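Working notes for the structure below.
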Amino acid sequence: MSESSVILIGMPGAGKSTTGVLLAKRLAKAFIDTDILIQQQVDMTLQDYLNQHGYMALRELEADVLTSASLENAVVATGGSAVYSDSAMRRLATLGPRVFLDLKLSSMQARIHNQATRGLASQPGTTLETIFAERLPLYRQYADITVAADGGTAEEVVQAIVDRLSAGGSV
Ligand SMILES: Nc1ncnc2c1ncn2[C@@H]1O[C@H](COP(=O)(O)OP(=O)(O)O)[C@@H](O)[C@H]1O
Ligand SMILES: O=C(O)C1=C[C@@H](OP(=O)(O)O)[C@@H](O)[C@H](O)C1
Ligand SMILES: [Mg+2]
């Protein structure tokens with residue numbers, strides 16, 4: 001079994017956290033949700049951090065955590081805003097393939113119904129359409145592998161990721 005990590009990137013609501021833990025069990029790797037690492041570092045929820053410091057500060061903190069945390073031999077669920085840091089994305093690439101969970105806008109809108117309290121790292125009031133359009137090119141730019149995030153149940157998405165990783169010799 002490869003010692004490399006698998007990095008999940010994608011829109012908020014793509015299923016990075018839900019799918020990631022199932023994928024980690026399947027691959028016998030650790031599971032790390034970088035949102036949890038960030039919360040532990042600042043000892044507050046991401047929403048509280050956003051309320052106190054603003055979305056640019058959260059993006060900077062996320063970039064710091066992604067470039068410095070121990071993320072080896074793990075499935076790593078990143079936050080949706082991780083792609084705003086080029087240095088973080090390049091560091092993650094050294095750990096293993098970056099798998100883009102590709103979610104349609106309509107699915108994102110159906111899954112994110114608590115936008116005001118979900119802690120998105122974007123200017124308050126930004127619509128999901130705007131966030132989607134701004135970020136899609138970034139996920140595409142950094143994706144080593146792309147898998148549909150709304151192509152079935154979480155278990156089916158996990159299977160699709162495993163198939164792609166196996167085909168590429170990553171597991
Ligand atoms: N394959 C799936 N099909 C349907 N709903 C899903 C799927 N994967 C995740 N979800 C749901 O979408 C929401 C967002 O999932 P989450 O794992 O928190 O996404 P992310 O970490 O990418 O923001 C949750 O309510 C979760 O249960
Ligand atoms: O897309 C975003 O701006 C964010 C998504 C969140 O993670 P998920 O992608 O797991 O929801 C979290 O990192 C933070 O609240 C910012
Ligand atoms: Mg998540």
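Applying the criterion of being of a type outside the set (D, E) and more than 19 Å from T78 (Cα to Cα) to the residues of the range 135-159, the residue that is farthest from ligand 2 (Cβ to nearest atom) is Q159. What are the residues in the range 18-36 that are open to solvent by 50 Å² or more (accessible area, probe 1.4 Å) and within 15 Å of ligand 3 (Cβ to nearest atom), if any? T18, V21, L22, F31, I36, listed by residue number. The listed residues are I38, I9, and the only one of them that is under 11 Å from the mean Cα position of the chain (by Cα) and either over 28 Å from A133 (Cβ atoms) or within 12 Å of ligand 2 (Cβ to nearest atom) (or both) turns out to be I9. Of the residues examined, A116 is one that is more than 17 Å from the chain's Cα centre (by Cα) and outside any helix (DSSP H, G or I). When residues in the range 66-113 are screened for being touching a helix residue (DSSP H, G or I) at 6+ places or on another chain (Cβ under 8 Å), of a type in the set (S, T, N, Q), away from ligand 1 (no atom under 15 Å from the Cβ) and in a helix (DSSP H, G or I), 2 of them pass.
Every condition in (1) assigned to a helix (DSSP H, G or I); (2) more than 13 Å from G10 (Cβ to Cβ); (3) in contact with a Ser or Thr (Cβ under 7 Å, 6 or more places away or on another chain) is met by S170 except one, and the failing one is (1). Scanning the range 81-112 for residues that are away from ligand 2 (no atom under 13 Å from the Cβ) and over 16 Å from I7 (Cα atoms) returns K104, L105, S106, S107, Q109, A110.
The values are calculated or read from the model by the stated rules, or taken from the named source; none is laboratory data. All values reported here derive from a predicted model rather than from experimental measurement. All Cβ positions, even for glycine, are placed from backbone atoms using ideal geometry, and neighbour counts span all protein chains on display. Ligands, DNA and RNA are excluded from the accessible area calculation, which covers all protein heavy atoms including side chains. Shrake-Rupley method; radii C 1.70, N 1.55, O 1.52, S 1.80 Å.
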